[in-house]
């Protein structure tokens, strides 16, 4: 697993809090930070370490390009927050406006990128443009072949996941909130038909409001409450290099690779498109929910049947609040990276950009992405249980969206006017006949 900055944990559980946030990834931590800054008594509860799962294992991209149009207002809000985050929390997150390019080798690829902008980006006047092959070479020099062009955003950025989220958790404590690591939440208590407490492995905390930001674990947690949640997991493999001087500072994707510069002088590298979906018991239960997504992006997802099926089947789907929960059995989900996918990405990168031919791989890892059938997150109250809110299903987009998502969740909890229209993210869209569908991106 990638090395992360370890966040300081509080030691004594309070008897009561205003809001309990379950899950110490970027979404839960950003939500807790927003609430603490409003003077609300908030407790952040993490079964393992802060950002130890997907929130430290992602690419570190903070992008507006290529997004589902329903996410565009939220990423604009989030990028504004990223730009001010270091000053806000008094710590380095590694955020920088490095610029991102989506490289195109053919006229068809360039036309597809132009079409995405015309359909989705122009209405928001995004700082994105299609550039020529000559300008692509000037901005991203040293390629072994000529590009037709690229889709380019100079204001898209990057940050360091392993630093950013623990730094935000420290800011939660500095503003009066409490943070508990290695403290799994087993479930909820209710009174009068609404939330009345969270039950942790160390004891109960009375509260009226709970936000579940459990990432890949959210469906299992909800199932024990009798609340359906259409969510499956996808595994993405990533690697980082030792420091290497390539002269390239802008993030980009092309060929079979995607990369970004790191603050340690190395690069984070992944396959541009390939992920793995392990076939698990829930794959059959949710087959028809996810069928439209599978049809749209079948080439980008490799289905695999292996030991994960057995591991998943062995974990409890139901448990009492005085029993050891699955979240205590698996503190940190640490899947094995798919070496063949990473090898393909590395070989492609070296073929396209010879400056990487001397790179030395320092570390490889994989992360578990929580995906919804329409690849758009759920951020809303859960109408099946008053006082219970969901912030999950970010489908690999959570790191960049994190600060904006935290702000929106805090506004939903407090009843403030929302910074963006929350309707596209409502939980009820999967059950009210809306039949939400994925939108083709880049």
Filter result (buried (at least 23 other Cβ atoms within 10 Å of the Cβ) and either out of contact with any strand residue (DSSP E or B) (no Cβ under 9 Å at 6 or more places or on another chain) or at pLDDT 95 or above (or both)) within the stretch 222-235: 229, 231
With respect to residue 313, determine if the residue is in a loop (DSSP other than H, G, I, E, B), assigned by TED's automatic domain parsing to the domain that holds residue 348 and loosely packed, with under 13 Cβ neighbours inside 10 Å. no
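Residue 188: in contact (Cβ under 8 Å) with a residue 60 or more places away in the chain, in the same structural domain as residue 276 (by TED's automatic domain parsing) and assigned to a loop (DSSP other than H, G, I, E, B), yes or no? Explain how you work it out, then say what you get.
Numbers: in contact (Cβ under 8 Å) with a residue 60 or more places away in the chain: yes; in the same structural domain as residue 276 (by TED's automatic domain parsing): yes; assigned to a loop (DSSP other than H, G, I, E, B): no.
Answer is no for this residue.
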I'm trying to understand the selection: among the residues of the stretch 286-310, which are more than 23 Å from the chain's Cα centre (by Cα) and outside any helix (DSSP H, G or I)? 305, 306
Select, from 396, 367, the only residue that is part of a loop (DSSP other than H, G, I, E, B) and in the same structural domain as residue 215 (by TED's automatic domain parsing). 396
Within the stretch 409-425, residues surrounded by 18 or more Cβ atoms within 10 Å (Cβ to Cβ), more than 21 Å from residue 18 (Cα to Cα) and touching a strand residue (DSSP E or B) at 6+ places or on another chain (Cβ under 8 Å) come out as 425
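So, residue 438, is that one buried (at least 19 other Cβ atoms within 10 Å of the Cβ) and outside the structural domain of residue 198 (by TED's automatic domain parsing) or not? So that I can check it myself, show each step before the final result.
Values: buried (at least 19 other Cβ atoms within 10 Å of the Cβ): yes; outside the structural domain of residue 198 (by TED's automatic domain parsing): yes.
For residue 438, the condition - buried (at least 19 other Cβ atoms within 10 Å of the Cβ) and outside the structural domain of residue 198 (by TED's automatic domain parsing) - is met.
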Count - residues of the stretch 23-45 that are touching a helix residue (DSSP H, G or I) at 6+ places or on another chain (Cβ under 7 Å) and closer than 30 Å to residue 337 by Cα: 9
Please determine whether any residue of the stretch 20-28 is within 17 Å of residue 211 (Cβ to Cβ), crowded, with 23+ Cβ neighbours inside 10 Å, over 16 Å from the mean Cα position of the chain (by Cα) and at pLDDT 95 or above. yes
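It is to be established whether one or more residues within the stretch 316-323 are in the same structural domain as residue 278 (by TED's automatic domain parsing) and modelled with pLDDT under 95. Break it down stepwise before answering.
First pass over the stretch 316-323, keeping only residues in the same structural domain as residue 278 (by TED's automatic domain parsing): 316-323.
This time we only want the ones that are modelled with pLDDT under 95, so: 316-317.
Looking for residues that are in the same structural domain as residue 278 (by TED's automatic domain parsing) and modelled with pLDDT under 95, one finds at least one in the stretch 316-323, hence yes.
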Taking the stretch 124-164 as the region of interest, how many residues are free of Cβ contacts under 8 Å to residues at least 24 places away in the same chain, closer than 25 Å to residue 76 by Cα and out of contact with any strand residue (DSSP E or B) (no Cβ under 9 Å at 6 or more places or on another chain)? 1
A careful count of residues in the stretch 256-279 that are surrounded by fewer than 20 Cβ atoms within 10 Å (Cβ to Cβ) and touching a helix residue (DSSP H, G or I) at 6+ places or on another chain (Cβ under 7 Å) gives 4
Return a yes/no flag: does the stretch 331-348 have any residue that is over 25 Å from the mean Cα position of the chain (by Cα), modelled with pLDDT of 85 or more and in the same structural domain as residue 259 (by TED's automatic domain parsing). yes
Answer with yes or no whether residue 406 is surrounded by 22 or more Cβ atoms within 10 Å (Cβ to Cβ), touching a residue at least 40 places away in the same chain (Cβ under 8 Å) and on the phi > 0 side of the Ramachandran plot. no
Residue check: is residue 384 farther than 18 Å from residue 59 by Cβ, more than 24 Å from the chain's Cα centre (by Cα) and loosely packed, with under 13 Cβ neighbours inside 10 Å? no
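The values are calculated or read from the model by the stated rules, or taken from the named source; none is laboratory data. Predicted, not measured: the structure shown is a model, and the values here were computed from it. Neighbour counts run over all protein chains shown; Cβ positions are idealised from the backbone, glycine included.
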